[in-house]
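First the structure, in the form of structure tokens, and then the observations on it.
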Amino acid sequence: MTASGGSGPPSAAATGVGVVVAAAGESRRMRGVDKTFTPVLDRPLIAHTMETLDRIDQVDAIVIVCHADSLDAMRSLVDRSGWRKVTAVVPGGARRQDSVLAGLDALGPREWVMVHDGARPCFDHEMVARGMDAALETGAAVAAVPSKDTIKSAGPDLLVTATLPRQQLWLVQTPQVFRYDILRSAYESADEDVTDDASLVERSGHRVKLFMGSYENIKVTTPEDLAVVELFLRRTAGA
């Protein structure tokens, strides 16, 4: 399955990919600022994410899930920006899985669905293509990068309990690509909080394939992340 910005016809299996853009977080670590609309290179942060998604041939529908207080602002941004593949903007829920499930409801049944963080703009068509190819193998695939650091586990007393083997550790990102029915079933049976869509799929018994993300594919979580993302986006625009 190959995703690209207009380079050749997509395979039959690659058509009809729906995307849920998760942008309903409360931005608690952003000092009261809604990171979704924070200006980066004179545009709202989410605009950089959306423009990449809107140009991918195999994507035929995008649902943005945002905070209920931002619905009007998000719909206005969509109208002004002319993102032709956005089919709905819906309010999120109290937990990530509630928000993604709302996005799945708005998309409706289809063969493939991709979940991506609205505050993670430094991805590209090639990364999405790798995810689609990997998902063909297991029905579930997740962007990730190998850990560069040694990671230790510790108890509440901050005493080290184990040093984990770095060669087996990966840092998970989005996009994450799933067969719609697999993800939908995992979310409908979820009874605990998760921060990662694939975690629910794993717990429901399905295999999840990793594919290579990028160390530049960071999620804006704190104000300091904005400067890093701007640097990466500026370099990409210059290239």
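The values are calculated or read from the model by the stated rules, or taken from the named source; none is laboratory data. Keep in mind that what you see is a predicted model, and the values were worked out from it rather than measured. No Cβ is skipped: glycine too gets one built from the backbone with ideal geometry, and neighbour counts run over all protein chains shown.
Would you be able to say whether some residue in segment 84-105 is in a loop (DSSP other than H, G, I, E, B), under 26 Å from Gly205 (Cα atoms) and not hydrophobic (A, V, I, L, M, F, W, C)?
Yes, some residue in segment 84-105 is in a loop (DSSP other than H, G, I, E, B), under 26 Å from Gly205 (Cα atoms) and not hydrophobic (A, V, I, L, M, F, W, C).
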Note to self: Step by step: first the residues of segment 74-97, then only those that are crowded, with 16+ Cβ neighbours inside 10 Å and modelled with pLDDT under 95, then the one that is nearest to Arg184 (Cα to Cα). Which residue is that?
What the structure shows: Gln97
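Every residue, every condition in (1) touching a helix residue (DSSP H, G or I) at 6+ places or on another chain (Cβ under 6 Å); (2) at pLDDT 95 or above, yes or no:
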| position | (1), (2) |
| --- | --- |
| His206 | yes, no |
| Tyr215 | no, yes |
| Glu224 | no, no |
| Ala237 | no, no |
Checklist line | Test set (1) in contact with a strand residue (DSSP E or B) (Cβ under 6 Å, 6 or more places away or on another chain); (2) without any contact (Cβ under 8 Å) to a residue 24 or more places away in the chain; (3) not β-branched (Val, Ile, Thr) - Gln168 fails condition number | finding: (1)
Checklist line | Top-ranked residue in segment 18-55 [being touching a strand residue (DSSP E or B) at 6+ places or on another chain (Cβ under 8 Å) and part of a loop (DSSP other than H, G, I, E, B); ranked as modelled with the highest pLDDT] | finding: Thr38
Next item on the list: Having 2 or more residues that are out of contact with any Cys (no Cβ under 8 Å at 6 or more places or on another chain) and buried (at least 16 other Cβ atoms within 10 Å of the Cβ) is the bar; report the strands (runs of 3 or more DSSP E) wholly within segment 123-239 that clear it.
Entry: 140-146, 170-179, 209-212
Note to self: So, in segment 88-138, exactly how many residues are touching an Asp or Glu at 6+ places or on another chain (Cβ under 8 Å) and more than 17 Å from Ala22 (Cβ to Cβ)?
What the structure shows: 1
Next item on the list: Considering (1) at pLDDT 95 or above; (2) closer than 25 Å to Thr36 by Cα; (3) touching a strand residue (DSSP E or B) at 6+ places or on another chain (Cβ under 6 Å); (4) not small (Gly, Ala, Ser), say which one Phe123 fails and leave the rest.
Entry: (3)
